[in-house]
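Peer 1: A single structure is presented below for examination.
The values are calculated or read from the model by the stated rules, or taken from the named source; none is laboratory data. The structure presented is a predicted model; accordingly, all values stated were derived computationally and were not measured. No Cβ is skipped: glycine too gets one built from the backbone with ideal geometry, and neighbour counts run over all protein chains shown.
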Amino acid sequence: MAIFSGVLLALSFSIFIWPLSLVAFLSTVLLFASMARKANFMVGFVGGMAYFSTALFWIVPTLRKYGGLPFSLALLALLGLSLYLSLYFGVFSLSLRFLSGGFLYLVPFLWVGLEVVRETAFTGFPWASLGYTVSSDLPFIQWASVGGVYLLGFFMMLLAVLFYRGKKGLALFLWIFLHLTGFLMVGPHYRGRFQVAVLQNSWDFSPPSTPERAQAVLRDYEKLGEEAVKEGAQLLVFPETTVPYIYLSEPSWRDYVVGLAEKWKTWIVFSATWREGEKFYNSVFSISPRGKIWRYSKSHLVPFGEYNPLPFLKRIIPRIAMEIGDFTPGDRTSLLRFRGYKFASPVCYEAVFPDLVRKMVLEGADFLVNVTNDAWYGRTSAPWQHFYQARLRAVENRRYLIRAASTGVSAVVDPSGRILTRSKIYETQKVVSYFSPEKNLSLYTLTGGYQRWFYLLLSLVMLILVLAKALVGRGKFFII
């Protein structure tokens, strides 16, 4: 049952049919209610292993094809990450042993608190949080503007607890209330002020391994850009690492991209590696039609992808260590410019960190541009998982999201989460839509930091009380 629940929840995250997630948690909570004392941690842990190893299965083909690792090492990496993430499920299920009666209604707070810890601890890995399983439910996700993705997960857990407690009528009322109020929170649909074109290529391997291949990729992008400008695009957005191995700090390539902006008389958002002395940055550039450049460098780097958090790996497993990048984190307060407006450009993986994006908006970002290289994931569910997680950043902060992915999914999302246009994966195309800079701040943008502390402190208090109850021998064997 634990394995079944974990797999069902993973399918909810991967294919976004959110009632599956409620069924999964219902079956899990019911299972917890009938398990012996010593089994509680293992039941949650096993359910977590089933969930994360299914939802993150794409790690194996990614590491095999693009990391050059054998199947055994790639599988070991997936299992290692799943083992760590499953500890949170295990702690959650262990805590349920000591919660009964009305205290069971505190379970959603505990769950969200553990998810916040998962976003923060050891550089953080918030991928596949519970709230993302409702990403396809437009009215429901409007509540993200109040409490972020974590409030969505809170409501899901609360519905599961209500069902478990026999409050089916109350659960149905809450479900209807959340949807009706969410429907009222959906903003009006209107055409934005500026036309944007996202340029997407379809090259399968990243990065291009030869200068000739890099030149061919650039020619494809230049052709798409020419077409977009003729159609009236005022902003062109290229994906992350459009042409790796080329540093915009080199005059020839800087002049090339600046020349395109001046030639087309349009703004360009371009991604490349930036070099300062011996330091390398994964950077995004905003280039005006007059050739002025603004730069943002990725601040939350991917461990084992863009930097090595475990230097001793060079001695133990040199083959893996050779594949790890050596980037320097940038200043996350740097905002880019478009005309008289500011925008934030979270790079790739940064878009799944709600608090990071929230702070960017709080610092003055009028819209969001997420550039990413999802070619690494291949034809798996990962590009879609990544896109739907990034989509919630638009709803949370009530900002337009322009997303440029090297092989897809590229899209434009409005502040209510409507997908105005979206590309297919592995197709060379331009995605054209309209957007508007926004100034109003959502409740989540204003108070999200306080909400995080509230969940953390409340869950910490609950864990301390649970531990104290266990130590004095007053814990029950069953949840009744």
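Peer 1: Output yes when any residue across segment 427-435 is surrounded by fewer than 24 Cβ atoms within 10 Å (Cβ to Cβ), in contact with a Ser or Thr (Cβ under 8 Å, 6 or more places away or on another chain) and of a type in the set (D, E, K, R), and no when none is.
Peer 2: Yes, segment 427-435 contains a residue that is surrounded by fewer than 24 Cβ atoms within 10 Å (Cβ to Cβ), in contact with a Ser or Thr (Cβ under 8 Å, 6 or more places away or on another chain) and of a type in the set (D, E, K, R).
Peer 1: In segment 347-390, which residue that is in a loop (DSSP other than H, G, I, E, B) and of a type in the set (A, V, I, L, M, F, W, C) is nearest to ALA197 (Cα to Cα)?
Peer 2: Filtering segment 347-390 for residues that are in a loop (DSSP other than H, G, I, E, B) and of a type in the set (A, V, I, L, M, F, W, C), the one nearest to ALA197 (Cα to Cα) comes out as ALA365.
Peer 1: Quick test for you: out of GLY192, GLY187, GLY148, pick the one residue that is buried (at least 22 other Cβ atoms within 10 Å of the Cβ), closer than 26 Å to VAL412 by Cβ and of a type in the set (Gly, Ala, Ser).
Peer 2: GLY148
Peer 1: Also: What are the pairs, 6+ residues apart or on separate chains, where a residue within segment 57-80 that is farther than 19 Å from TRP384 by Cα and outside the structural domain of HIS386 (by TED's automatic domain parsing) has its Cβ under 9 Å from a residue that is surrounded by 15 or more Cβ atoms within 10 Å (Cβ to Cβ) and basic (Lys, Arg)?
Peer 2: PRO70/ARG64; PHE71/ARG64; LEU73/ARG64; ALA74/ARG64
Peer 1: Checking the conditions here, which among ARG403, ARG452, ARG422, ARG418 is touching an Asp or Glu at 6+ places or on another chain (Cβ under 8 Å), within 25 Å of CYS348 (Cβ to Cβ) and not hydroxyl-bearing (Ser, Thr, Tyr)?
Peer 2: Only one candidate qualifies: ARG452.
Peer 1: Only one residue in TYR105, TYR84 is on the phi < 0 side of the Ramachandran plot and either more than 25 Å from the chain's Cα centre (by Cα) or buried (at least 18 other Cβ atoms within 10 Å of the Cβ) (or both). Which one?
Peer 2: So the residue among TYR105, TYR84 that is on the phi < 0 side of the Ramachandran plot and either more than 25 Å from the chain's Cα centre (by Cα) or buried (at least 18 other Cβ atoms within 10 Å of the Cβ) (or both) is TYR105.
Peer 1: Select from segment 432-451 the residues that are in contact with a Pro (Cβ under 9 Å, 6 or more places away or on another chain) and in a helix (DSSP H, G or I) and list them in ascending order.
Peer 2: The answer is TYR444, GLY448.
Peer 1: Right, another one. Show me the helices (runs of 4 or more DSSP H) entirely contained within segment 1-120 in which 3 or more residues are in contact with a Lys or Arg (Cβ under 9 Å, 6 or more places away or on another chain).
Peer 2: 71-96, 107-120
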